[in-house]
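Just so it is clear, none of the values below were taken in a lab; they were calculated from the coordinates. From a predicted model like this one, the values you see are computed outputs, not experimental measurements. Note that we place each Cβ from the backbone using ideal geometry, even for glycine, and neighbour counts take in every protein chain shown.
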C-alpha cells in the first residue's frame, strides 16, 4: 500500500492500512537514530517551518530534530514574537510562509480544527502537532508504535487510558489509532472528566480504577496539566492523586507484563509515583525515542516519500 | 557593472546602476527558490548573525531562509535575552560578534542610523534590516523588484504610496529606489502624516485620495501600526479607514491594471479590504516571495559575489 | 597524552596534562575559525543540545557556533518555554533529551553542582557552561589559552583577578587552571567579596589594589553584575568604581606589557574605563575569539576525538 495524503491532520480519518504504513516507515527510521551519524538525505533542500502558536519545547524539538535528521532546513516560528500578535490572521500567516516556499508547516494551535482549516487552501504540507482538545496525531502514533514494538501487535490488546479524557487531544488520537488497529480501549478517571458519551466511539468507560487496571495490557497515564487546571471540572491535585494516582499499592492490580506509558512531562508523585515511572514496566523514555522516528516517517511520507525508500 | 560595496545600509546612497545589479541578481536567485532543492553553495562555511534588537519574526525568517539557502550558518540573536540588556553598548556587541568570526551581521534596530554607525568600524558586512523611521532597504528593493517584474520597467511609472509616510522607513526606501530608477512617486495620507516637505525629494504630495489613485500604475499601502500608534499625530483607526482605507468603492478610481502592494502583515478591514488583498490586482504574496530572492542577492553581493556567478 | 573523559564538568578535577591537551587542541581549531570556510566534519550527524536554564546569549552563541563549525546539528532549549516550567525535574529533562539521541548536552544552570549530578547517570556527554557560583570551565580555559598564547607560557606568571571573587564561577575556574599550570594567582577586591579563605587554595589575597596590580603580568577584571547585585555584600556601583575600577591613573601601577582581560560584557566606566578596554594592553576581544576555539576543542574531545586529528 502506498501513502497518498498530502497532510497529517488527524488519526480519525486514517485507515488501518494508512496507520500501518506510518508505523512500518517509522521502524526504518528508528534504526537511523541509533547510529553514530544520524542523518539521511530525503528532505535535503526542503524548508520545514515549526509554527507553534501554543508553546511546546518538547514537541517542537522532537519535530525539529526529525526534520534535521532528514536533512531539511528548519525555521522556528513561535507565537510570542510573531505577526499573529500584530493582528494578522492565521490564514495570512500560512500564505506568507508558503510565499517563502515553505514545503512543510508543522502547526501547534490552541484552536481545535486549525490545521484542517488551513489544509483546505494550503499548498504546503500541513502536519498537526496538536490542536486544542481535538487531536495530537503524532502522539497517538508514537504511543501505538511503542505498544506494537513491545507487544508484537495491537489487535486484541486491552489498553487503558487514565486521566482527564474530556479535554485531552492525546486521548483522542490514541483512541482512534487503537480502535482502528483492533485494540480494546478502556477510559478511566474522575466522572466529570470521563463522560459516558465516549462509549459511542466503542470504548469502555469506567470510573473504577481497579476495574480499569486489572485486565490492562497497557496503561497510558495522561498528564495532569496543573499549570492550566480547570477549576470547575477538576478535583484538587491531592484528591486526584489519592483517587487515581498510580502508586505501588495499585500496581498490584496491574498485570506484571503490562506497559506503563505517559506522554510526558511527568509529575512525579501526582499522576504517577516516581518509582513506577523509573520501573521495569515503564516505557516512557522509549515513547520519546519512538516519537522522533514517527515524526521522521510522517515528514517523509507527506513529502511524497515511498515507504520502501527510507534512505 | 560590478558591485563593490561592503555593506547595504540604505538605498539613498546607491546609484541606479547599483540598484539594477541587485535586482538582476535577485532574478537569478528567484528561480532557485522555486526548485525542489532550494540550496546553492555560495556562502558555505560563512557565519551570518541575525541581530534583531527590535523584534520582527517576518523579516528575520526571510533573512534566515535567504542565508540558509545560500548554505550559510545562521545564528539568531534577539534583544530580549541579550547582553544589550546587561548594559553592553551596541558597538561592543558588534565587536564581540566579529570576534566570533561573524561574516555578515543583519541588524534591525529602533534607532535611525544604527547600521551606518556600525559600518564605520565593522569588519563584518552590515545589512540594514530596518533602522527606526529611516530606511528598510531590502523592503524598498523587493517592492521595486515586484514592480519591475510585473510591469517590465520602473521608469515612467506612477507609483502612489499611501499611509503614515512621516514615520515609515518602508516609504523612505521605496521613494529613493523609485525616484532613482525614474518612477514618479505620489505620497498620500492624512496631512499630519504626509507633510509637504517630501516635495523637496521630488515626490508629489497630495491629501486627496482620489487624485492619488486615479493615475497610479502601482498603489503601495503602508501598514497601519495600530499596536504602537502615535496618539497625537494619528486619527482613530475608524477615521483612517473611513478616509483612506482602500475599499471596493475606491477601487473604481484605480486603473484596472494597477498593482496593489502592501509590506504586510495586513490589517484586513483597516487600510485594505480583505477582498482587495486577495483580488487579482494584489501582488502582496509575490512581494514576500521576491523578498527572499532580493535578500539572497544582497547577502551574496556584500560577501563579494559576482552578479554573473549566482550558482 | 590522550583525553579519556566523557564530560567537562569543572577544571578543579583536571590534571595539568589534561588542561594542556585542551589548550593544544584549541590551537588547531583557532586556525579553522580564521579561514574563509569555517567548517570541519568531526561532529557530522551528531546532535548537540544547548540547555540554558539560566539565560546567556553570549555563551550560548559561542557554543552554538563551535558545534556548527564542527558540523554538528544543534538544538537550543531555553528555560523560558521549557517543560522545566511545567514541574519536570532536571533529571527527567536530561533523560528525555537522551531519549532523543542527544550526543552532547551543554548545560548552563543556576545551581552549583547541577552538571556533576547529571553526569552520574547521563549517557550523553555533559559540558558545564556555568553552574551557579561554582565553575565556568570553558571561560577558565579560554582565559588560560589567551594568556599562554600571548605570553608564551603560564608557569611563573603573576595573574591578578579583581572583583567579586566570592560569587564568581569565572574566578574559580581561572584559579584552578592557573594554579595547576604553575601561575601565581592574586585575588583582590572589597573585603566582603574576597575572603581570606581563598589563601587555602594557594592564592594570595589582598584588598590593596596597588599591591595587586604592581607585579601582575595579567590583570583579569571580573564583571560587576549590577543587574543582580547583592545588596548586603556589595558596595554601591559608584563606590566600587571609586575604590577598584581600573582607570588611567591606576594603569600607572600596571606593567606596560601586562595583559588586561575581562570575560564580558564590559560595563564601561564601572569596573574598567572605556579607553583601557580599547587600549593596546586589552585582549578582551581575543578572549571571545579564543572561546570559540576552546569550545570546539572541548566538544571534539569529549566526543572521543584525538588531539592529533582535528580535521
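Sorted from largest down, give the three principal axis spans of the alpha carbons of the protein assembly as shown, whole angstrom values.
Principal-axis extents of the Cα atoms in the protein assembly as shown, largest first: 87, 81, 50 Å.
Please report, in whole Å, how far the alpha carbons of chain A spread along each principal axis, starting with the longest.
55, 44, 36 Å, listed from the longest principal axis down.
For label points placed 7 Å from Cα toward Cβ, what is the shortest-first list of nm distances from residue A:2 to its copies?
5.1, 5.1
What does the structure give for A:54-63 when I average, per residue, the other chain Cβ atoms found within 10 Å of the residue Cβ?
5
Do you know the relative contact order of chain C, to the nearest whole percent, from alpha carbon pairs under 8 angstrom that are 6+ apart?
23 percent.
Given the C-alpha centroids of the stretch A:21-79 and the stretch B:1-76, what is the distance between them in whole angstrom?
Taking the Cα centre of the stretch B:1-76 as reference, the centre of the stretch A:21-79 is 26 Å away.
Kirkwood Rh, the stretch A:1-98, all Cα pairs: how many Å?
Roughly 15.7 Å, rounded to one decimal.
Go from 0 up to the bin containing the longest alpha carbon distance in the stretch C:137-288, width 5 Å each, and give me the % of pairs per bin.
2, 10, 22, 25, 23, 14, 4, 1, 0
Defining the label point at 7 Å along Cα→Cβ, can you sort the distances from residue B:150 to the same site in each other copy, shortest first, in nm?
Shortest to longest, the spacings are 5.7, 5.7 nm.
Normalise the Debye intensity by I(0) for the stretch C:71-155, one equal point scatterer per Cα, no solvent, then take log10 at q = 0.15, 0.16, 0.18, 0.23 Å⁻¹ and round to two decimals.
Debye output, listed in q order: -0.65, -0.71, -0.84, -1.17.
What is the Cα centroid distance between the stretch A:117-134 and the stretch B:233-292, reported in whole angstrom?
After rounding, the separation between the Cα centres reads 27 Å.
Running a GNM on chain B with Cα contacts under 10 Å, which residue among B:164, B:257, B:73 ends up with the highest mean-square fluctuation?
Ranking B:164, B:257, B:73 by mean-square fluctuation puts B:257 first.
If you count, for every residue in C:272-280, the Cβ atoms of partner chains within 10 Å of its Cβ, what is the mean?
Mean partner-chain Cβ count within 10 Å for C:272-280: 1.
How shielded is B:31-40 by partner chains, expressed as the average number of their Cβ atoms within 10 Å of its Cβ atoms?
Counting other chains' Cβ atoms within 10 Å and averaging over B:31-40 gives 3.
Taking a label point 7 Å from Cα toward Cβ, how far is residue C:201 from its twins in the other copies, in nm, shortest first?
Label-point separations across copies, in nm and ascending: 5.8, 5.8.
Quick one: if you stick a label point 7 Å off each Cα along the C-beta vector at residue C:242 and residue A:15, how many nm between them?
8.4
Working from Cα positions, state the angle (0 to 90°, nearest 10) between the long axis of helix A:137-151 and the longest principal axis of chain A.
Rounded to the nearest ten degrees, it is 60.
Please determine, in degrees from 0 to 90 and to the nearest 10, the orientation of helix A:169-180 with respect to the longest principal axis defined by the Cα atoms of chain A, where the helix direction is its Cα long axis.
90
When the convex hull of the Cα atoms of the stretch C:124-163 is projected onto a plane and the area is averaged over all directions, what value comes out in nm²?
4.1
Using the alpha-carbon atoms, what tilt in degrees (0 to 90, nearest 10) does helix B:90-99 show relative to the longest principal axis of chain B?
40
What residue among B:113, B:152, B:202 has the largest mean-square fluctuation in a Gaussian network model of chain B, using Cα springs under 10 Å?
B:152
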